[in-house]
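What follows is a short report on a single structure.
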Amino acid sequence: TQLLEQSPQFLSIQEGENLTVYCNSSSVFSSLQWYRQEPGEGPVLLVTVVTGGEVKKLKRLTFQFGDARKDSSLHITAAQPGDTGLYLCAGANEETSGSRLTFGEGTQLTVNP
Amino acid sequence: DTGVSQDPRHKITKRGQNVTFRCDPISEHNRLYWYRQTLGQGPEFLTYFQNEAQLEKSRLLSDRFSAERPKGSFSTLEIQRTEQGDSAMYLCASRPSGTDTQYFGPGTRLTVL
């Protein structure tokens, strides 16, 4: 069974601060996706990373996939209240677990004005 | 809007009743997934279809749950004899061939009284 551990579970910061969310596993993934979810809504895709060591930037968000494709991080620069939400990482490995996504438990981020 | 749609968005039912949810994937996405998410957790895989074939089912999918995708387009998830423990957000996602990326619908929030 593939597991993804996400940390921290909760994060409350002030507007303008930087933060990093981590997603770790002992398993290798063929790709890893990051989603943001608002209350009562489905997860919205932010990015997919597929290559070990890959770094992708989306405005103030920087995503990194570990060299061994077992871990990932999300860094937010100068957080804004609009960044508030539940951040989820999800790994896929069609060879060992079919096509399912394995999710972390999520990081609930609150950015205070 | 060409995203994944789900209907209904909310369902309140009494214990023992049957409920059915519908998911319309992004057109031309041949893979369709169902997940369940409880409060404070990441989504958990239930089952998936490639075209009309149901290729994988989780152990979470008890015999009270059944899913279909009769024409390889929309899908339905039925829960018979609902229990309070079935209360959750039921999420549908679709994925095109050649990528691991899944796109989620807004979910159906089920409350069993």
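The values are calculated or read from the model by the stated rules, or taken from the named source; none is laboratory data. Small disclaimer: the values here were computed from a predicted structure and weren't measured. With ideal geometry, Cβ positions are generated from the backbone for all residues, glycine too; neighbour counts draw on all protein chains shown.
Answer yes or no as to whether B:D63 is surrounded by 19 or more Cβ atoms within 10 Å (Cβ to Cβ) and over 11 Å from the mean Cα position of the chain (by Cα).
no
Just one of the numbered conditions (1) crowded, with 16+ Cβ neighbours inside 10 Å; (2) of a type in the set (D, E, K, R); (3) away from every other protein chain (no Cβ under 11 Å) is not true of A:K59; which one?
That leaves (1) as the condition not met.
Between residues in the range B:38-65 that are within 11 Å of chain A (Cβ to nearest Cβ) and residues that are among the aromatic types (F, W, Y) and surrounded by fewer than 16 Cβ atoms within 10 Å (Cβ to Cβ), which pairs lie under 9 Å by C-beta distance while being six or more apart or on different chains?
Final answer for the pair search is none.
Pull up the range B:80-113, narrow it to residues that are within 16 Å of the chain's Cα centre (by Cα) and among the hydroxyl-bearing types (S, T, Y), then point me to the one that is farthest from the other protein chains (Cβ to nearest Cβ).
Here the residue is B:T82.
Scan the range B:37-45 and give yes if some residue there is over 18 Å from A:G40 (Cα atoms) and either part of a strand (DSSP E or B) or small (G, A, S) (or both), otherwise no.
Scanning the range B:37-45, I find at least one residue that is over 18 Å from A:G40 (Cα atoms) and either part of a strand (DSSP E or B) or small (G, A, S) (or both), so the answer is yes.
Hand me the list of strands (runs of 3 or more DSSP E) wholly inside the range A:1-52 holding 1 or more residues that are farther than 15 Å from A:A90 by Cα and more than 10 Å from chain B (Cβ to nearest Cβ).
A:10-14, A:19-24
Per-residue answers, yes or no, for (1) crowded, with 22+ Cβ neighbours inside 10 Å; (2) at the interface with chain B (Cβ under 8 Å from one of its Cβ atoms); (3) part of a strand (DSSP E or B):
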residue: A:L74; (1), (2), (3): yes, no, yes
residue: A:L86; (1), (2), (3): no, no, yes
residue: A:S99; (1), (2), (3): no, yes, no
residue: A:T102; (1), (2), (3): yes, yes, yes
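Would you mention how many residues in the range B:1-17 are in contact with a Ser or Thr (Cβ under 7 Å, 6 or more places away or on another chain) and over 21 Å from A:E41 (Cα atoms)?
Total satisfying the criteria: 3.
Do you know which residues across the range B:69-84 are surrounded by fewer than 19 Cβ atoms within 10 Å (Cβ to Cβ) and either in contact with a Lys or Arg (Cβ under 8 Å, 6 or more places away or on another chain) or at pLDDT below 95 (or both)?
B:P70, B:K71, B:G72, B:S73, B:F74, B:T76, B:Q80, B:R81, B:E83, B:Q84
Let me confirm something: among B:L77, B:L32, which residue is within 13 Å of chain A (Cβ to nearest Cβ) and under 15 Å from the mean Cα position of the chain (by Cα)? Spell out the reasoning first.
Numbers: B:L77 fails: within 13 Å of chain A (Cβ to nearest Cβ).
Just one listed residue meets the conditions, B:L32.
Consider A:F29 carefully, then state whether it is within 26 Å of B:K57 (Cβ to Cβ), of a type in the set (A, V, I, L, M, F, W, C) and over 13 Å from the mean Cα position of the chain (by Cα). Before the answer, list the steps.
Working: within 26 Å of B:K57 (Cβ to Cβ): yes; of a type in the set (A, V, I, L, M, F, W, C): yes; over 13 Å from the mean Cα position of the chain (by Cα): yes.
Here the answer is yes, as A:F29 does meet what is asked.
Which ones in the range A:52-68 are under 15 Å from A:Y87 (Cα atoms) and among the basic types (K, R)? Steps first, please.
First pass over the range A:52-68, keeping only residues under 15 Å from A:Y87 (Cα atoms): A:58, A:60-64.
Across the range A:52-68, the qualifying residue is only A:R60.
Among the residues of the range B:85-101 satisfying the criterion of being without any contact (Cβ under 8 Å) to a residue 60 or more places away in the chain and exposed (fewer than 14 other Cβ atoms within 10 Å of the Cβ), which is nearest to A:A92 (Cα to Cα)?
B:T99
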